[in-house]
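**Student:** Okay, here's the structure, questions in a sec.
Just so it is clear, none of the values below were taken in a lab; they were calculated from the coordinates. Here the structure is a predicted model, which is why all the values come from computation and not from measurement. A quick note on method: Cβ atoms are made from the backbone with ideal geometry, for glycine too, and the neighbour counts reach across all protein chains shown.
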Amino acid sequence: MITSYNTYRQYIKADIAAYGLQHVSLYNWLCIDQLRFQMRLLRLEYLTNCCRWRMESRAVLEAMSHSLAVRLGVTIPKNVFGPGMCLMHRGTVVVSPLAHVGANCRIHRTIGGIPAVKLSDTGAIEQGGFPATMADGD
């Protein structure tokens, strides 16, 4: 969770590095919609958590972020992901506001899918009560 300007800058650096970039150029900003969405989401988290008095900026940014999220098909609430999130595709991604996802999470398109998957405390993927054959896509 972003609690200060320094943590906000750390989240930005980690998210940019997750895309394999050194910095965000104008070309990257215009061409990588997912990165632009993430930068707006981080800014919105910073304004919400640290600058509660900047309501006008937050309202404009929320409207811009929402329109981009609709175009990308993404529903990601504030204060859910840790630093280093990387959204790798367009398409339906819905994250619960009750979820807490750690650092360096990459979200890819699921092929076949694994139902009810969760991360354990050690970071390993555990199956959520389904038989192994069902989780393997059989």
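**Student:** Counting Lys and Arg as +1 and Asp and Glu as -1, each charge on the Cβ, what is the dipole of segment 5-107 about the Cα centre in debye, to the nearest 20?
**Tutor:** Here the size comes out at about 80 debye.
**Student:** Using 0.36 nm per residue, how much length does the chain from HIS89 to ALA59 gain when fully extended, once their Cα-Cα distance is taken away?
**Tutor:** Answer, rounded to one decimal: 8.2 nm.
**Student:** Could you go through segment 24-39 in sequence order and give the Karplus-derived ³J(HN,Hα) for each residue, using 6.51 cos²θ - 1.76 cosθ + 1.60 with θ = phi - 60°, rounded to whole Hz, and x for Gly and Pro?
**Tutor:** Result, rounded to whole Hz: 9, 8, 4, 4, 4, 4, 7, 9, 9, 4, 5, 5, 4, 4, 5, 5.
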